[in-house]
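The values are calculated or read from the model by the stated rules, or taken from the named source; none is laboratory data. Given the structure is predicted, the values throughout are model-derived calculations rather than measurements. Counting neighbours? That spans all protein chains shown, and the Cβs are built from the backbone with ideal geometry, glycine included. Note: areas computed on protein heavy atoms with side chains; ligands, DNA, RNA excluded. Shrake-Rupley method; radii C 1.70, N 1.55, O 1.52, S 1.80 Å.
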Amino acid sequence: RSPASFRAWRDATPEGFVFSVKGSSYITNRKVLAGASEAMVKFYAQGLDELGDKLGPIVWQLMATKHFDASDIAAFFALLPRELKGLPLRYAIEAGHESFDCPEFLEIARKANVAVVYLEQEGRARISERTADFAYLRCKNLVSGEPAGYPSKDIKRIGKLCREWG
């Protein structure tokens, strides 16, 4: 992507619209996340700041086969800058492997103020704990023929979860 692309997206959307930006898979698909500092520099230099106040959370989607490693995740979170050219940055992490569903991961995410994505998708971990000053929800089990994409019992369940997050 280029700064011009981000400017165009910013200008094409209404006031109040916020983009979540997917972090580079060149970063998330590596064996050791903590070794991504050089790739991070390139990722942030692509022009994200052109989104201005429409820049929402940056989402790091880990492969479903990526196992939890406490020291690697903590070091990865330490690499994440908290601002970019004066813009505050927020982060969410989508951890697919069930090994991430543990108190140690949640504590590391809390300390870093990184939201753990609650993901409704078969074959991926569902972690409903809120770990940041915002929550991030992805619903990917859409049902064909359901007007809202989910049966009403599931909408109620997800709504209850959102209310619990506050």
If I ask for residues that are loosely packed, with under 13 Cβ neighbours inside 10 Å, part of a helix (DSSP H, G or I) and among the aliphatic types (A, V, I, L, M), which ones from the range 1-50 would you list?
Ala4, Ala8, Ala12, Val41
Pairs under 6 Å by beta carbon, first residue part of a helix (DSSP H, G or I) in the range 94-119, partner exposed (fewer than 15 other Cβ atoms within 10 Å of the Cβ) and hydrophobic (A, V, I, L, M, F, W, C), six or more apart or different chains?
Glu104/Ala70
Pull out all pairs, ordered by first then second residue, where Cβ-Cβ is under 7 Å, the residues are six or more apart or on different chains, the first lies in the range 121-136 and is at pLDDT below 95, and the second is assigned to a loop (DSSP other than H, G, I, E, B) and open to solvent by 70 Å² or more (accessible area, probe 1.4 Å).
Gln121/Lys140; Ala125/Asp101; Ile127/Asp101
Hey, does the range 93-107 have a residue that's of a type in the set (S, T, N, Q), open to solvent by less than 60 Å² (accessible area, probe 1.4 Å) and touching a His at 6+ places or on another chain (Cβ under 6 Å)?
yes
Mind checking whether some residue in the range 71-86 is among the basic types (Lys, Arg), without any contact (Cβ under 8 Å) to a residue 40 or more places away in the chain and closer than 19 Å to Ile127 by Cα?
no
What tally of residues in the range 51-73 results from selecting those that are aliphatic (A, V, I, L, M), outside any loop (DSSP other than H, G, I, E, B) and surrounded by 18 or more Cβ atoms within 10 Å (Cβ to Cβ)?
5
Residue within the range 54-63 that is touching a residue at least 12 places away in the same chain (Cβ under 8 Å) and of a type in the set (Val, Ile, Thr) present
yes
Against the condition closer than 20 Å to Thr131 by Cα and in contact with a helix residue (DSSP H, G or I) (Cβ under 9 Å, 6 or more places away or on another chain), how does His97 come out, does it pass?
no
